[in-house]
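Below is one structure, written out as structure tokens, with a few remarks after it.
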Amino acid sequence: FKQVDEVSTLVHYVEHMEEKLGEMSAELRDMHGEVSKIRDGTIKVRCAQLMTKAEERLTQVKQVVTTCKNNLLISARSAITAFKEKGKDALVSAVNAMRIPAALDAMKNTFTKAAESMRGNAEKIDAFREEIHEVGFHLKNAGRALFGKPAKESEALKHDKGILAKVRSFMQKTADRYEDMGKGAYKLSTKVKEHYEKQKSVKSELKVLKDAKKAETVTVHP
């Protein structure tokens, strides 16, 4: 049945999302380790705060996906029971009651907000990088500039800028992943909605034909 395929497709989609989120969790842990190596105390604290926010956002996304999966599995078991007890019509009604497009739309919105948040974090990392560059220049090269010597970047500055570049790349990469997840949810939601509309159209046409035949039956000819 088409309804069973829809539920199966959504289950596979959600499980795939869980796998991706698991990978992102591992990468996030690695980035926490990188941030701990930053030598500038102020930048380290501020960068760690952004990482914490990223972790909180990831946790929120995982909760939404997991909740959707759990609700889906519970509803699927109920649909199967309804099918066994009352037949196909009961299965169709049970699957429609799952509000699959609504669940997908909710996930899409969650992914979209997460992507926006991560892009905002990436922009803040850019600001940190610019700030640490300016501070490093003024502290280390003010004297050199007075004597007309070219600015020289300290090893500590290079080290911190290198780590910030890694963190910035992670933030942007994660934002892109969230966006791709959102597109996937939207695509699947649209597909399911189109099927529902087609289903309604077929039912409407069948009803018109049925009503027409009924009218012919009750018509009294002179």
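No lab work stands behind these numbers, since they all come straight from the coordinates. Just so it is clear, the model here is predicted, and its values are computed rather than measured. Positions of Cβ are generated from backbone atoms using ideal geometry, with glycine treated the same way; all protein chains shown enter the neighbour counts.
Starting from the Cα of Glu34, step 7 Å toward the Cβ, then list every residue of the range 164-187 with an amide N under 16 Å from that point.
Under 16 Å, as judged by backbone N against the label point of Glu34, lie 164-177 of the range 164-187.
Subtract the Cα-Cα distance of Lys84 and Lys53 from 0.36 nm times their separation in residues, and report this length gain in nm to one decimal.
My answer for the length gained is 6.5 nm.
Counting only other residues whose beta carbon sits under 14 Å from that of Val45, what net charge do I get with K and R as +1, D and E as -1?
+3
With +1 on each Lys and Arg Cβ and -1 on each Asp and Glu Cβ, how big is the dipole of the range 17-71 about its Cα centre, in debye rounded to the nearest 20? Before the final figure, lay out the partial values.
Numbers: 10 positive and 9 negative charges, 45 e Å.
Charge dipole of the range 17-71: 220 debye, to the nearest 20.
In nanometres, what is the gap between the two model label sites at Glu23 and Glu131, each 7 Å from Cα along Cα-to-Cβ?
Result for the modelled spin labels: 3.3 nm.
Quick check on the range 25-64: what are the equivalent-ellipsoid semi-axes from the Cα gyration tensor, as sqrt(5λ), descending, whole Å?
Working: eigenvalues 96, 24, 3 Å².
Its equivalent ellipsoid spans semi-axes of 22, 11, 4 Å.
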